[in-house]
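Q: Before I ask anything, here is the structure I am working with.
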Amino acid sequence: MKLLRLIIGFLFLQAQGVSAQQDVLLWKVSGNNLEKPSYLFGTYHLLSADFVKEVVGAEKAFKKSEAVVGELEMDENAAGKLMNFMVMENNSLDSLLSPLQYDTLSEAIKERMGMPVMMLNKLKPMGVYIMLASSEAAKDVSVDIKNKSALMDVWFQEEAKRKKKDVFSLETAEEQAAVLFNSSLDRQLDMLMEYLRLDRDAAKKENDKIVNCYKEQNLDCLVSIMESSNYTQIEKDVMLKDRNLKWIPQLKEFMQQKSCFVAVGALHLPGNEGIINLLREAGYTVEPVRSKKDL
């Protein structure tokens, strides 16, 4: 489960936006023959569920909904499936990296994660990158990743199950693994080494900025930060646009069945190819929730 939370946190941190909408995290979806409205909520996967109380209408919308929809159903089976995609069968880090690169990685793993690099030697470079980047981001936002109930995405799903609500997922562990681990080992290695060259204080400053933008519900700010990344356009599309397009038919089906509370990373919402606009193009009315009256 810890691995799974690191991975979904990474997906939020690396998602790319095109253009932002209004500064709101909660949206109401109605019309298009829906019997009851559903709701979209933009999450930050590494932030405590306590923040949900600060978003106007979020608790009420969650209570009114009959089902919760997440990117991935977060259980131990999913974590194990993702781990299978992270492991190199016929290679290892000490073979891929030069002696200097391996020493640099070894020092970083020991300093930042408190473990010997050999424990990660069979992981793909992207797997190591995810574990480093997400665990450090979690520290920067003061989240205890060992306490799964503290994280909002996990909380929504567990609370839904506790209240006997349905929980739907938009993708399988295999589909999410394909997003993360299908690039070439050379590209993964470049990304890992680039991260290791990043000054720790600079990384913390960037993480703090992301958290502040999110807490202010400032999607423009989040998109601006993410647009400055070094990811290629193809990688950005795989991370965000392509997934959004695949999710829309499923969301239409889920919302037709039940009133849903859809909790996905905040940067899946804005932009021409974001979920808000795609649902509008499909004939739904999608409105920002700025007060409880908007529900």
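Q: Among (i) 1.24; (ii) 1.00; (iii) 1.16, find the value of Cα Rg over 2.2 N^0.38 Å that was calculated from the structure presented, and write down its label.
A: Label of the calculated value: (ii).
Q: Under the definition of Cα pairs under 8 Å and six or more residues apart, what whole-number percent is the relative contact order of the chain?
A: The normalised contact order for the chain reaches 41 percent.
Q: Mean-square fluctuation check for the chain, GNM, Cα pairs under 10 Å: which of GLN257, GLN157, GLN176 is largest?
A: Evaluated over the chain, the most mobile residue of the options is GLN257.
Q: Here's a follow-up. Dipole size in debye (nearest 20) for region 149-271 around its Cα centre, Lys and Arg Cβ +1, Asp and Glu Cβ -1?
A: I would put it at about 600 debye.
Q: Enumerate the aspartates and glutamates that LYS205 could reach by cross-link, defined here as Cα to Cα under 12 Å, with residues fewer than 8 away along the same chain left out.
A: Excluding near neighbours in sequence, the set is GLU136, ASP140.
Q: Which FRET efficiency value, to the nearest 0.05, do you get for GLU35 and ASN182 by plugging their Cβ-Cβ distance into 1/(1 + (r/R0)^6) with R0 = 35 Å?
A: Computed FRET efficiency for GLU35 and ASN182: 0.35.
Q: Along the charge dipole of region 28-116, pointing to its positive end and built from +1/-1 on Cβ of Lys, Arg, Asp and Glu, which listed residue (ALA108, LEU47, ASN84) has its Cα farthest out?
A: LEU47
Q: Would you please name the GluC sites (Glu not before Pro) within region 237-295 that are DSSP coil residues with at most 11 other C-beta atoms within 10 Å of their C-beta?
A: Taking region 237-295 and a limit of 11 other Cβ atoms within 10 Å, no loop GluC sites (Glu not before Pro) are found.
Q: Based on DSSP H runs of at least 4 residues, each adding -39500 (n - 2.57), what is the mean residue ellipticity at 222 nm of the chain after dividing by all its residues, to the nearest 500 deg cm²/dmol?
A: -15500 deg cm²/dmol, from helical runs alone.
We did not get these values from a lab; they are worked out from the coordinates using the rules stated. Not measured: the values here are computed from a predicted model. Every residue, glycine among them, receives a Cβ derived from its backbone with ideal geometry; neighbour counts consider all protein chains shown.
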